[in-house]
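Visitor: Right, I'll just put the structure down here and ask away after.
The values are calculated or read from the model by the stated rules, or taken from the named source; none is laboratory data. Since we're looking at a predicted model, the values are computed, not measured. Don't worry about glycine lacking a Cβ; one is built from the backbone with ideal geometry, like all the others, and counts go over all protein chains shown. We work out accessible area using only protein heavy atoms, side chains counted, and drop any ligands, DNA or RNA first. Shrake-Rupley method; radii C 1.70, N 1.55, O 1.52, S 1.80 Å.
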Amino acid sequence: MAEAEDIFLRAKQRTFTGLTEDEQKEWRGPFCFIQAADPQLGLMKTWREGDCDGGGDEWTDEVQLTQQAVEAVNKLSPRPKFMVLCGDLVHAMPSTQYREGQERDLKVALRGTDPSIPLVFVSGNHDLGNTPTPETVAQFCNAWGDDYFSFWVGGVLCLVLNSQLFFDASACPDLRDAQEAWLEGQLQRASQGPGVIPKHVLVFQHIPLYLKTPDEEDDYFNLQTATRQSLLGRFKRAGVKAVFSGHYHRNAGGLHNGLDMVVSSAIGCQLGEDTHGVRVVVVTADQVIHRYHSLEQLSGRGMDEDLRNLLQA
């Protein structure tokens with residue numbers, strides 16, 4: 001479907017209207033972006049019925065919620081610089097019955113995003129499989145764009161990571177090693193050069209490093225302790241300001257030693273007391289300030305006034 005394919009092209013190109021990549025490396029004042037997670041088309045019905053291992057044969061609710069999110073984001077002023085979806089785009093695992101239909105309908109739901117707001121897609125465990133393979137990673141890349149990459153916007157370096165390669169790369173160790181080598185190079189250049197040193201470094205991935213504290217026990221919803229501590233050390237040395245994630249379907253996270261672990265609840269199925277929503281993130285010269293907004297609030301009132309005031313400073 002050509003209209004859905006427009007979204008794919010925008011994701012692949014990751015273009016930021018009117019500026020070259022070199023120009024995007026320059027700080028130009030405060031800006032905002034939207035972080036969303038887990039539209040996960042197909043989960044809401046399976047969760048209600050207690051059959052989460054199924055692929056989900058109904059996803060009308062998630063489509064409507066995604067459309068509501070798009071409409072709310074389109075109304076924001078100033079315009080967000082981009083919107084990132086932090087994984088689990090659909091519920092059906094790779095090569096299962098409902099996968100193609102869910103991906104198709106999500107692209108259709110997202111096609112209404114204003115063309116001035118680029119879309120960035122992050123891979124999740126349902127997008128790649130809990131144990132990804134070269135084939136499932138290739139399928140994701142073909143449908144949504146690269147599984148890891150970097151981009152600059154307004155003087156800020158953004159790193160998009162495939163967190164499933166941190167969680168279980170037993171079926172694709174070469175892909176894990178390739179991401180590791182690439183990431184190390186990105187982190188070194190961010191802190192030491194050569195080239196422009198970013199105003200901030202932000203990371204986007206699906207699985208959180210931790211849910212509450214860096215020393216918490218291993219869980220389905222966080223990265224294993226050894227991996228977590230290694231990444232925390234590397235990110236800290238490189239000056240990473242914040243890591244944005246989803247996966248938990250609840251809001252969580254916390255600031256530790258200057259690094260903000262941001263865990264955002266879902267556009268789609270809620271597993272806690274939060275409501276369907278997205279996170280508004282404001283980037284200033286000194287801070288990265290963020291707040292989760294329900295879709296109802298964002299649709300009716302826009303972003304909170306204090307965040308909007310920061311963009312006018």
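Visitor: For the chain, what % of the accessible area comes from carbon and sulfur atoms, probe 1.4 Å?
Guide: Numbers: 5930 of 12880 Å².
C and S fraction of accessible area: 46 percent.
Visitor: Between segment 261-305 and segment 47-106, what is the C-alpha centre distance in whole Å?
Guide: The distance from the Cα centre of segment 261-305 to that of segment 47-106 comes to 17 Å.
Visitor: Starting from the Cα of E49, step 7 Å along the direction of its Cβ; do the same at Q229; then give the gap between the two resulting points in nm.
Guide: So the two model labels end up 4.4 nm from each other.
Visitor: When a/c is below 1.5 the answer is rounded, else prolate if a/b is larger than b/c, else oblate, so apply that to segment 272-313 with a ≥ b ≥ c taken from the square roots of the Cα gyration tensor eigenvalues. Spell out each step's value before the answer.
Guide: Values: a/c = 3.72, a/b = 1.71, b/c = 2.18.
Oblate, because a/c is 1.5 or more while a/b does not exceed b/c.
Visitor: Amide H of V196: which non-local residues (sequence gap of 5 or more, or other chain) have their own amide H closer than 5 Å, using H built in the peptide plane?
Guide: Close amide H contacts, sequence-distant or interchain: none at all.
Visitor: DSSP loop chymotrypsin sites (Phe, Trp or Tyr not before Pro) in segment 56-130 with at most 16 other Cβ atoms within 10 Å of their Cβ, which ones? Before the final figure, lay out the partial values.
Guide: Values: sites: W59, F82, Y98, F121; in loops: W59, F82, Y98.
Loop-located and lightly packed - none at all.
Visitor: What accessible area per residue, rounded to a whole number of Å², is obtained for the chain using a probe radius of 1.4 Å?
Guide: Value for the chain: 41 Å² per residue.
Visitor: Another question about this same structure. For a quick check: with amide H placed at 1.01 Å from N, whose amide H comes under 5 Å from N251's, ignoring anything fewer than 5 positions away on the same chain?
Guide: The answer is S265, D274.
Visitor: Looking at the chain, I'd like the Rg to Rh ratio, where Rg is from alpha-carbon atoms and Rh is Kirkwood's inverse mean 1/r.
Guide: 0.93
Visitor: Now, a different point. Report relative contact order for the chain in percent, whole number only (criteria: Cα-Cα under 8 Å, sequence separation at least 6).
Guide: 22
Visitor: Here's a follow-up. Taking the full set of protein chains and a 1.4 angstrom probe, give the accessible area of E103 in square angstrom, rounded to the nearest 10.
Guide: Probe radius 1.4 Å; accessible area of E103 about 30 Å².
Visitor: Kindly identify segment 21-115 as rounded, prolate or oblate by the Cα gyration tensor criterion: order the square roots of the eigenvalues as a ≥ b ≥ c, call it rounded if a/c is under 1.5, otherwise compare a/b with b/c, prolate if a/b is larger, else oblate.
Guide: Prolate, since a/c reaches 1.5 and a/b exceeds b/c.
Visitor: Place +1 on the Cβ of every Lys and Arg and -1 on the Cβ of every Asp and Glu in segment 11-311, take the dipole about the Cα centre, and give the residue among Q270, G129, L255 whose Cα lies farthest towards its positive end.
Guide: Highest projection toward the positive end goes to L255.
Visitor: Using a ≥ b ≥ c from the Cα gyration tensor of segment 132-246 (square roots of the eigenvalues), is it rounded, prolate or oblate, where a/c under 1.5 gives rounded and otherwise the larger of a/b and b/c decides, a/b for prolate?
Guide: Details: a/c = 1.74, a/b = 1.16, b/c = 1.49.
Oblate, because a/c is 1.5 or more while a/b does not exceed b/c.
Visitor: Out of the DSSP beta bridges found with both residues in segment 11-311, what percent are antiparallel (nearest 5)?
Guide: Here the share of antiparallel DSSP bridges comes out near 50 percent.
Visitor: Amide H of F204 versus every other amide H placed in the peptide plane: which residues, excluding those fewer than 5 positions away on the same chain, fall under 5 Å?
Guide: For F204, the qualifying residues are L159, V160, L161, F244.
Visitor: Helix-only mean residue ellipticity at 222 nm, the chain, DSSP H runs n ≥ 4 weighted -39,500 (n - 2.57), per residue, nearest 500. What is it?
Guide: The helix-only estimate for the chain comes to -11000 deg cm²/dmol at 222 nm.
Visitor: Another question, if that's okay. What distance in nm separates the simple spin-label points at K75 and D168, each placed 7 Å from Cα in the Cβ direction?
Guide: Placing both labels 7 Å beyond Cα along the Cβ direction yields 4.2 nm.
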